[in-house]
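See below for the structure under consideration.
The values are calculated or read from the model by the stated rules, or taken from the named source; none is laboratory data. Keep in mind that what you see is a predicted model, and the values were worked out from it rather than measured. Cβ sites come from the backbone with ideal geometry, for glycine too, and all protein chains shown count toward neighbours. Calculation scope for accessible area: heavy atoms of the full protein, side chains included, ligands and nucleic acids excluded. Shrake-Rupley method; radii C 1.70, N 1.55, O 1.52, S 1.80 Å.
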Amino acid sequence: MNKNIKSFHKAVSVSSILVGTMLFFGVSGYLLSEKFNNQIWLIALLILGAIISLYETYKIINRWFIFLTL
């Protein structure tokens, strides 16, 4: 049971990083797009949010695999 709880915790933390980062950068891009009346802010910040969220996910997964091999 303890292993299932740890796996669930890992899945929730990765998904919250993905959703939270995309939501933050998406809303920021939308607000800047509305303020400056062009769509480049939305597109650029969504791409930046995707890159950052995937990088953070990579760091977390890499850390878990290092602990598994010890």
At a 1.4 Å probe radius, which order do Leu18, Leu42 fall into by accessible area, largest first?
Leu18, Leu42
For the chain, what does the equivalent ellipsoid look like in terms of its semi-axes, each the square root of 5 times an eigenvalue of the Cα gyration tensor, given largest first in whole Å?
34, 12, 5
With a 1.4 Å probe and all protein chains left in place, how much accessible area per residue does the chain have, in Å²?
80
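Full extension from Thr57 to Asn37: what is 0.36 nm times the residue separation minus their Cα-Cα distance, to one decimal in nm? Mind showing how you got there, number by number?
On the way: separation 20, 0.36 × 20 = 7.20 nm, distance 3.25 nm.
Extra length available between Thr57 and Asn37 comes to 4.0 nm.
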What is the dipole size for the chain, taken about its Cα centre, with +1 at each Lys and Arg Cβ and -1 at each Asp and Glu Cβ, in debye to the nearest 20?
360
Leaving ligands and nucleic acids out of the surface, order Ile61, Ile47, Ile17 by accessible area at 1.4 Å, largest first.
Ile47, Ile61, Ile17
Whenever you get a sec, compute what percent of the accessible area on the chain sits on carbon and sulfur atoms (1.4 Å probe).
73
Grab the Cα-Cα distance for Asn2 and Phe65, subtract it from 0.36 nm times how many residues apart they are, and report the gain in nm with one decimal.
20.9 nm
